[in-house]
Amino acid sequence: MTTRLWRFIVDHFLLLPIGGAVALAWANLAPESYFTTARTLAFPVNEIGMALFLALITQEIVEETLPHGALHSWRKWTLPLVAAAGAAAGSALVYVGWVAWSHELVLVEGWPVAAAVDLAFTYFIVKAIFPRHPALPFAIVLAVAVDVLATAHVASRQSFVDVRPGGALLMAAALGLAALLRHWKARTFWPYLLLCGPLSWWALHLDGFHPALALVPLVPFFPHKPRSLELFVDRPHGPHDTPAMFEHVWLHPIQAVLFLFGFVNAGVLLSGYGTGTWALLAAALVGKPLGIVAATSLAVAAGLHLPARFHWRDLVVVALATSGVFTFGLFFATGAYPIGPLLAELKLGAVLTGIGAPLAFAAAWLLRAGRFSGGRTMTRTRHAVARGAAALLLCAALAAPAAAQQVLTDEDIAADVAQHVQRYVFFTIFDDVDVQVDHGVVTLAGRVTMPYKVEALGELAARVDGVEAVQNEIRTLPVSQFDDDLRYGIARRLYGDPLFWHAAIQVNPPIHIVVERGAVTLTGVVLSEVERRVAETIARSSLAFSVTNKLRVEIED
Amino acid sequence: MRHLTCLVLVLLLAAVAPAGQEPLRFAVVGDAGTGGRPQFEIAQQMAAARAASPFDFVLLLGDNMYGRQEPQDFVDKFERPYAALLGGGVRFFAALGNHDKPDNRLYAGFNMKGERYYTFARGPVRFVILDTNQLDPKQLGWADDTLARATERWKVVSFHHPLYSNGGRHGSNVELRVVLEPLLVRHGVNVVFSGHEHIYERLVPQKGITYFVAGSGGQLRKGDLRRSATTAAGFDEDRSFLLVEIAGDEMSFRAIARTGRTVDAGVIGRRPST
């Protein structure tokens, strides 16, 4: 039970709000000791530790821009980008208008705090309300775009830190070294982190920019998994995929950093409210959603289209789900203002934007969006009231996934399990796993190359929300040098073919080659019938005894 | 003839007396810039006090301008209320409050030389004016350096947000205190003036420093003082300002209300230099 709870907390990035809650309590009960402790931790957490978190976010974005990623196609970008512009404009207008009306123009620089969108907060709320729905990529693209815009605005702190010469040279050295490492095909992220990272950090520090951004320009240099056929080789001793390894190694340390970040920055005196607090709340909860809806409406009127199955009521719910500014809001606040009452006002406002979560759920319930659409009115009413009460009593971030857990369908669970399987670092193109769900009971079938993967995949599936039980029917493929030669030979030729380069550079290459006693089965997804036929031809040209082509053709929507 | 001799002697004594013996007088007022009648009445009391105890400068503790801050507002909320003082050559040295536009530092009447934080010396006193809206590392480094190099016998610091206060609305700003207090103690600062709370309060010396909250020069939050063990004296019934005189190792002060009544008075001894 404890393990599951811990896993739930880690998987849903809840350590940050927990750290914030601890800080709020401590700051208001024993402020002197809290602020002394927080001040001691502020530099290592805000200036160094957060560099890892921002690197992880950058890595996610870079990977999503690869073929088949959520951000690869410009068609998927356009409308959310317009909505992001609306979010920034709407929140900035309300925020600046409020502080100007209050004649406290010293707060003007805080508008990026109101525009910020907390990625984890938005992700889990939208996912809870709209499982397997185009609302999710829409919301994520929107959130990323707004945060990139706001980051660019607050990155420079030259007005309140000393600027020293030499920063540009150091940054050039950091990027040059990263390019060399990339050229030399460094397979691990460590040299990038340990050699280029400090150079970049020091360069930003000298130039008066926020040094927590130090790893952001370096992440794109990380070699991505499918660049070399060597990377397709199944390695039981450890993953050699640099980005995946980065995530694998740093996921838990980053959670600790986020806890400390919440602890260091969210501790504010409740008496510290002021104009900045109210302006930020109004901008995040009203200006931002209105800006999103208005900008999207204009874009649709100009000829763009909402994604399929994405209705106007869904847009309203997504817009409200972006109102939480937590992590990025606190980060931008510390970038925009140094220690002082203005920063405290904004921090308090950032923490209070958590009420956007119950608002998003309430809007979904009222508008019958996502999971709340359809019949069973009485049951849904009862559940919604229960969810609302839980949200108010616990906290917005805790309520979102809890609510999601109550209404997950078998289809949603299957999608989540499949996603977990795909993200398992030892799951390679030589493995194939099929997922079926019946009333919460997950059946895993398929074949993998190593016995430890069977157990690991079963455990992964068991951790997914809504899973009641797991029937693990995955088989281990027999050990055979001949089969290994066939696997690597087909993979080398298939992914070396220019026709499949787009697939080779993906984090999870979509064509799987399952070999058992000389019999080859091709599974997965290709973009066209031509690709399907060519893949089969390549497989047949090997020494395989037989080839079964189970490749499916998927057309990009 | 005897009278003439006495007069000559007095004049000679005055001429040869060291300049450092002259008491330094100044007034302190905070949260004043409303342009309302109470601000005018406090200004009249300041002018009356000057007639009795001449002073040639005033410390403004922030929120020197409320509401709109266009050129005409500088006339309505500063130049007209303090016309008698300004006409008498009194200079005002301002700190920025949360209601002040950052650009107000450029206004000549505030004598800020375009800076958010600055310093000046008068006789035996080094004054350091800080901007606590944004207490950034650059400012902290500057304050540390300025106070370290100050050779004057007295060190007086003023800024808007109080490190110690028993005001009900805001109270002590502990986050600022954690950052600033070690610096003030280390450099032997004697007195700190702040505003923000719209009351008058003098606190029991904290770590050797006497803190004044004088944020009722125009605004007032009546009855907002929550007296505690750290309150040495307070007044939250009406507007007020401070009149300060430093002579030798003693600083005498009087808090004067809008009616002209003295609501607090006393003498503070100079801390030994650290």
- Query: Just for the protein assembly as shown, what percent of DSSP beta bridges are antiparallel, to the closest 5?
  - Reply: 60 percent
- Query: Mind ordering A:435-448, A:197-210, A:136-149 by average Cβ neighbours within 10 Å, highest first?
  - Reply: A:136-149, A:197-210, A:435-448
- For chain B, with only Lys/Arg (+1) and Asp/Glu (-1) charged at the beta-carbon, what is the dipole magnitude about the Cα centre, in debye rounded to 20? 440 debye
- Considering only DSSP beta bridges where both residues belong to the stretch A:411-519, give the percentage that are antiparallel (nearest 5). 50 percent
- Message: Please give me the summed charge of the neighbours of A:L320: other residues whose Cβ is under 12 Å from its Cβ, Lys and Arg +1, Asp and Glu -1.
- Response: +1
- In deg cm²/dmol, rounded to 500, what helix-only [θ] at 222 nm does chain A give when every DSSP H run of at least 4 residues adds -39500 (n - 2.57) and the total is split over its residues? -18500 deg cm²/dmol
- Query: How would you rank A:356-363, A:418-425, A:531-538, highest first, on the average number of other Cβ atoms within 10 Å across their residues?
  - Reply: A:356-363, A:531-538, A:418-425
- Message: Using Cα springs under 10 Å in a Gaussian network model of chain B, which residue among B:K113, B:K77, B:K207 shows the largest mean-square fluctuation?
- Response: B:K207
- Query: Counting other C-beta atoms within 10 Å, which of B:H196, A:H153 has the fewest, and how do the rest follow?
  - Reply: A:H153, B:H196
- Query: What residue among B:G141, B:G30, B:G67 has the largest mean-square fluctuation in a Gaussian network model of chain B, using Cα springs under 10 Å?
  - Reply: B:G141
- Item | Rough spin-label spacing in nm, given labels placed 7 Å along Cα→Cβ, for B:N111 and B:R186 | 2.9 nm
- Query: Given the pairs A:K347/B:K207; B:K113/B:K155; B:K113/B:K207, which span a C-alpha to C-alpha distance of over 26 angstrom in this model?
  - Reply: A:K347/B:K207; B:K113/B:K207
- Task: Would you grab the residues whose amide H sits under 5 Å from the one on A:F209? Only those 5+ places off in sequence or on another chain, please, with H modelled 1.01 Å from N.
- Result: A:R157
- Message: What does the C-alpha gyration tensor say about the overall shape of the stretch B:21-269? Classify as rounded when a/c is under 1.5, otherwise prolate if a/b is larger than b/c, or oblate.
- Response: rounded
- Note on the structure: Residues meeting the amide H criterion for B:G167 (H placed from the backbone, H to H distance under 5 Å, 5 or more places apart or on another chain) are B:R226
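For chain B, give the share of DSSP beta bridges that are antiparallel, in percent and rounded to the nearest 5; count only bridges with both residues there.
Of all bridge pairs located within chain B, approximately 65 percent are antiparallel.
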- Message: To the nearest 20 Debye, how big is the dipole of the protein assembly as shown about its Cα centre, given +1 on the beta carbon of each Lys and Arg and -1 on that of each Asp and Glu?
- Response: 1240 debye
- How far is it, in nm, from the label point at A:L366 to the one at B:A121 when both lie 7 Å from their Cα along the line to the Cβ? 6.6 nm
- Task: Partner chain Cβ atoms within 10 Å, averaged over the residues of B:168-180 - can you pull that number for me?
- Result: 6
- Message: Using only DSSP helix segments of four residues or longer, with each worth -39500 (n - 2.57), what per-residue ellipticity at 222 nm results for chain B after dividing by its residue count and rounding to 500?
- Response: -7500 deg cm²/dmol
- Karplus couplings for the stretch A:29-40 from phi (6.51 cos²θ - 1.76 cosθ + 1.60, θ = phi - 60°), rounded to Hz, Gly and Pro as x? 8, 9, x, 4, 5, 5, 5, 5, 5, 4, 5, 5
- Task: Could you list which residues have their amide H under 5 Å from that of B:V263, counting only those 5 or more apart in sequence or on another chain, with H placed in the peptide plane?
- Result: B:A255, B:I256, B:A257
- Qualifying lysines (Cα of each under 30 Å from Cα of A:K550; at least 8 residues distant if same chain): A:K76, A:K225, A:K453
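Classify the stretch B:151-274 as rounded, prolate or oblate from the Cα gyration tensor: take a ≥ b ≥ c as the square roots of its eigenvalues, call it rounded if a/c is under 1.5, otherwise prolate when a/b beats b/c and oblate if not. Spell out each step's value before the answer.
Details: a/c = 2.09, a/b = 1.28, b/c = 1.64.
Oblate, since a/c reaches 1.5 and b/c is not below a/b.
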- Across B:129-139, the residue-averaged tally of Cβ atoms belonging to other chains within 10 Å stands at 6
- Item | Ranked packing of A:266-279, A:104-117, A:302-315, most packed first, by mean Cβ within 10 Å | A:104-117, A:266-279, A:302-315
- Does the protein assembly as shown come out rounded, prolate or oblate by the C-alpha gyration tensor, with a ≥ b ≥ c the root eigenvalues, rounded set by a/c under 1.5 and, if not, prolate when a/b is larger than b/c and oblate if not? prolate
- Message: For peptide A:28-34, what's the mean number of Cβ atoms from other chains within 10 Å of each residue's Cβ?
- Response: 3
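Read the figures in this text as sums done on the coordinates, not as results from a lab. Because the structure is a prediction, the values reported are computed rather than measured. Positions of Cβ are generated from backbone atoms using ideal geometry, with glycine treated the same way; all protein chains shown enter the neighbour counts.
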